[in-house]
1. Taking the range 11-29 as the search range and keeping residues that are closer than 22 Å to residue 42 by Cβ and part of a helix (DSSP H, G or I), which one is farthest from the chain's Cα centre (by Cα)?
2. Read through the list (1) surrounded by fewer than 21 Cβ atoms within 10 Å (Cβ to Cβ); (2) under 17 Å from the mean Cα position of the chain (by Cα); (3) not in a strand (DSSP E or B), then give the number of the only condition that residue 168 fails.
3. Tally time: how many residues in the range 175-191 are more than 17 Å from the chain's Cα centre (by Cα) and either part of a loop (DSSP other than H, G, I, E, B) or closer than 15 Å to residue 212 by Cα (or both)?
4. Return yes or no: is residue 66 touching a strand residue (DSSP E or B) at 6+ places or on another chain (Cβ under 9 Å), surrounded by 14 or more Cβ atoms within 10 Å (Cβ to Cβ) and at pLDDT 85 or above?
5. Which members of the range 106-128 meet the condition of being assigned to a strand (DSSP E or B) and either modelled with pLDDT under 95 or surrounded by fewer than 18 Cβ atoms within 10 Å (Cβ to Cβ) (or both)?
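The values are calculated or read from the model by the stated rules, or taken from the named source; none is laboratory data. It should be emphasised that the depicted structure is a prediction, and the values quoted were computed from it without experimental measurement. Cβ coordinates were reconstructed from backbone atoms using ideal geometry, including for glycine residues, and neighbour counts include every protein chain displayed.
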C-alpha cells in the first residue's frame, strides 16, 4: 500500500474514532496508534495533523492529543496548510457530506482570468461555476477558470459530485504543488445574492486562488464567495527551516467582483 494511501486510510479511521469520543478525551499515544494501525510515525503524524487542521483534534505540548469541543454545526472551516487539496476532499475527509450544484460549465473568454493563467486575453477558457453545501448547509459559490485546450474533458465531466482537483490529477496526471491565495471583502452582485441567500450589495468574504503544478505552470484560477454566516477559513503556516516564511494579508472593500481576490475543487 502506498504511503499516501496509508495516510488517507488512517486519517479516515481516526476521524470516525474521534466522532465516537467526547470533547476533552485523549487519544492513545503516538506509539500505541502506530502499532494499532500498523503504520509509521510519519504516516500517523500526517493523518493527525490534518485532523488538527480540520478542527477535530488539538495537540497540547507535553500532554498529548485531545478531541476538541464540537464546532458550530453550521460552520465548516476550510483549512489551508501545506497541501493543495481543495474544498471537496477536505470536507469529505472530515466526515462531512458535500453537495454541489453546477451553475455553469462552458467555454468563455475572460481577460482577468486569462492573465492569471498566463494566457492571451482572448484565449478560450473553461468556466466552472458551482454552489457548495456541506451537510445541507449553504457554504459558498465558486468560479474556476482553466485553459480549454489543455483540459477539454472538464467540459464533459459531471462535477455535481467529486473533486475538480482529483479529476485533474487522475485524468491529466497533474501534481498540484502550490496555491496562492488572496482574501478580500467584496459586495454581492444580484446573482451572488440569489445563490448565497443574501441581499444585493451585502459585504461578502471573497478569496481568489491561483493553483500551480510542481513546475510553477498555472493550472487553475478561481474566486470563491462565502456565505456570510456559515463559513470560516483557517490558514496554517509551517516553517520548514529552508526559507523565511512570509505572510501577507490584505483586506479591502472592492466592487461587486473582487480582483485577484477558492476553494476550487
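1. The selected residue is 17.
2. Of the numbered conditions (1) surrounded by fewer than 21 Cβ atoms within 10 Å (Cβ to Cβ); (2) under 17 Å from the mean Cα position of the chain (by Cα); (3) not in a strand (DSSP E or B), the odd one out for residue 168 is (1).
3. Residues flagged as more than 17 Å from the chain's Cα centre (by Cα) and either part of a loop (DSSP other than H, G, I, E, B) or closer than 15 Å to residue 212 by Cα (or both) within the range 175-191 amount to 2.
4. yes
5. The answer is 106, 107, 108.
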